[in-house]
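Note sheet for the following structure.
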Amino acid sequence: MNMPLLSVYANTQQYRIPSFDREQSRSVFGDNIADQFDVNFEAKSYRHSWSPLNVAYVKSSDHAAGDLYPDISEHNGRLVLNDRAYRALKELLSNDGEFLPVVADGQSAFIFNPLQVAEDVNGLNEKLSIKNEWGDIENTAFHEDLVAAFTVFRARFDNFRSIYCQASLMRKVEQEGLKGVIFTPDLGNPFSLDVAKSMHNG
């Protein structure tokens with residue numbers, strides 16, 4: 001039986017989350033907000049304009065915020081990987097985006113920037129992907145056969161804010177003992193932690 005597609009989110013209840021230096025981002029990418037990596041979620045390449053950014057792991061504003069440091073975290077549809085996570089996941093993810101070097105709390109790390117987009121292969125199920133009258137997403141669905149070649153991908157439907165993946169990524173993360181993220185089959189819904197509890201890794 002095939003596993004469903006999954007969304008990946010930072011486990012903020014147990015782990016710190018990545019935060020960027022806004023002044024540094026402006027100095028590297030300029031004042032145009034459309035070019036600033038930390039606040040622009042578009043699935044576009046930054047490889048040729050990249051300068052290693054500083055990342056700090058901070059406690060979430062959530063009252064149940066965790067204080068552990070993650071191996072892998074998620075930030076607006078991108079993954080932040082410490083060196084161990086990078087080495088473990090590099091081969092699996094390399095066809096679907098780019099690895100951008102950062103310095104996370106003084107340690108070498110990488111951001112994985114996914115560049116595959118569901119709509120580019122007609123992979124969004126437009127009949128089942130629904131927004132309400134205010135533009136809020138009520139349901140997200142994909143044609144799984146059309147996105148099967150992607151290990152990870154994003155969607156214009158949600159303005160690239162979520163990262164979607166095959167179950168192979170969850171299995172690899174669990175196999176390598178990497179901590180810091182939650183996987184959920186409730187696509188595009190970061191609030192479905194009850195659904196995700198049986199599927200999270202730490």
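Going through 71, 67, 83, 105 one at a time, which residue ends up being modelled with pLDDT of 90 or more, touching a Lys or Arg at 6+ places or on another chain (Cβ under 7 Å) and under 20 Å from residue 178 (Cα atoms)?
None of the other options fit; the residue is 71.
Would you mind telling me which numbered condition in (1) of a type in the set (Val, Ile, Thr); (2) under 20 Å from residue 14 (Cα atoms); (3) modelled with pLDDT of 95 or more residue 152 fails?
Condition (2) is where residue 152 drops out.
Failed condition for residue 137, given (1) out of contact with any Ser or Thr (no Cβ under 9 Å at 6 or more places or on another chain); (2) buried (at least 16 other Cβ atoms within 10 Å of the Cβ); (3) in contact (Cβ under 8 Å) with a residue 40 or more places away in the chain; (4) not aromatic (Phe, Trp, Tyr), with all others met?
All conditions pass for residue 137, except number (1).
Can you say whether residue 84 is under 25 Å from residue 118 (Cα atoms), open to solvent by 20 Å² or more (accessible area, probe 1.4 Å) and in contact (Cβ under 8 Å) with a residue 40 or more places away in the chain, as far as the supplied structure shows?
no
Can you tell me which residues in the stretch 30-57 are modelled with pLDDT under 85 and buried (at least 16 other Cβ atoms within 10 Å of the Cβ)?
If the condition is that a residue be modelled with pLDDT under 85 and buried (at least 16 other Cβ atoms within 10 Å of the Cβ), then 35, 36, 37, 38, 40 are the ones that fit.
If residue 67 passes every condition in (1) free of Cβ contacts under 8 Å to residues at least 24 places away in the same chain; (2) open to solvent by 10 Å² or more (accessible area, probe 1.4 Å) but one, which one does it miss?
Condition (1) is where residue 67 drops out.
Would you point out which residue out of 108, 51, 27 is more than 19 Å from residue 155 (Cα to Cα), among the small types (Gly, Ala, Ser), without any contact (Cβ under 8 Å) to a residue 60 or more places away in the chain and part of a helix (DSSP H, G or I)?
Residue meeting the stated conditions: 27.
The values are calculated or read from the model by the stated rules, or taken from the named source; none is laboratory data. Keep in mind that this is a model prediction, so the values were computed, not measured. Note: ideal-geometry Cβ built from the backbone for every residue, glycine included; neighbour counts use all protein chains shown. Protein only, heavy atoms only, side chains kept; ligands, DNA and RNA dropped before computing areas. Shrake-Rupley method; radii C 1.70, N 1.55, O 1.52, S 1.80 Å.
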